[in-house]
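Chemist: Before I ask anything, here is the structure I am working with.
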Amino acid sequence: MDNRAHSKIDDLPDELHRQVDEKLLAGETYQGISDYLAEQGEDVHYSSIGRYGRKYLKKFEAVRIAKEYAKLLAEDSIERPPTELHEANNMLMSQIIMESILDDNMSSKEKAAAARSIATLQRAQIQNEKLKADARKDAGAVHTAMELFKDKVFAEIGASHPDIADALIELAEQTESEMQKMSV
């Protein structure tokens, strides 16, 4: 049984190979690409293009997703909670591991190790969700404490020194806002 690792597309001249890739990305039909290749003097059946195209487009999509996740991981912003970076990293690693599991050249032992890695990532994601829940709970406690502080400032200082009370209340609101950005 012939189980080749490459396709007829791989045997085409580089320029034609590149054009096939471009046509696949542009959404042209396998039959249309086969007809184009026939015009160029190459006899490649549309089913061969289909087999190549499915693998090529799957790989292209995986690279696109990996680039998006990498871009997200590379962006450094105080506005983005650290948990988002962990989520993006977990998603990227899960994608890579799942693709490796689907690889026909991988041994059963390697596939089992990759599956264990997925389980480890899932546990990490659960911990990440717990961190986010704790952060939301802490944000609620901070909000309650700031409201209590503002009430006390108004009660103690507001009547005799309204300008100072207003300034303290404004500082408390700014502090709460900054703390919420850091904990989300």
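Chemist: Using only alpha-carbon positions, what ratio does the radius of gyration of segment 1-61 give when scaled by 2.2 N^0.38 Å?
Modeler: On the way: Rg = 10.9 Å, N = 61, 2.2 N^0.38 = 10.5 Å.
So the Cα radius of gyration is 1.04 times the expected 2.2 N^0.38 Å.
Chemist: Here is a further query. Please get the size of the charge dipole for segment 1-57, origin at its Cα centre, with Cβ charges of +1 on Lys and Arg and -1 on Asp and Glu, quoted in debye to the nearest 20.
Modeler: Values: 7 positive and 12 negative charges, 75 e Å.
The dipole magnitude comes to about 360 debye.
Chemist: Which one of Pro13, Ser34, Ser48 is farthest out on the positive end of the charge dipole of segment 1-57, using unit charges on Cβ (Lys, Arg +1; Asp, Glu -1) and the Cα centre as origin?
Modeler: Ser48
Chemist: Any chance you could check the Cα centroid distance between segment 16-57 and segment 149-166 for me, in angstrom?
Modeler: The distance from the Cα centre of segment 16-57 to that of segment 149-166 comes to 75 Å.
Chemist: Next up: Cross-link candidates for Lys181: which lysines have Cα within less than 28 Å, leaving aside residues fewer than 8 places away along the same chain?
Modeler: Filter leaves Lys67, Lys71, Lys130, Lys132, Lys137, Lys150, Lys152.
Chemist: Let me ask something additional. If you take every residue apart from Leu57 with its C-beta less than 11 Å away from the C-beta of Leu57, what net charge results, scoring Lys and Arg +1 and Asp and Glu -1?
Modeler: On the way: positive: Arg54, Lys55, Lys58, Lys59, Arg64; negative: Asp21, Glu61.
Its environment carries a net charge of +3.
Every read-out reported here was derived from the displayed coordinates using simple, explicitly stated rules and does not represent laboratory data. Just so we're clear, the structure is a prediction, and the values are computed from it rather than from any experiment. As a convention, Cβ positions derive from the backbone with ideal geometry for all residues, glycine included, and neighbour counts pool all protein chains shown.
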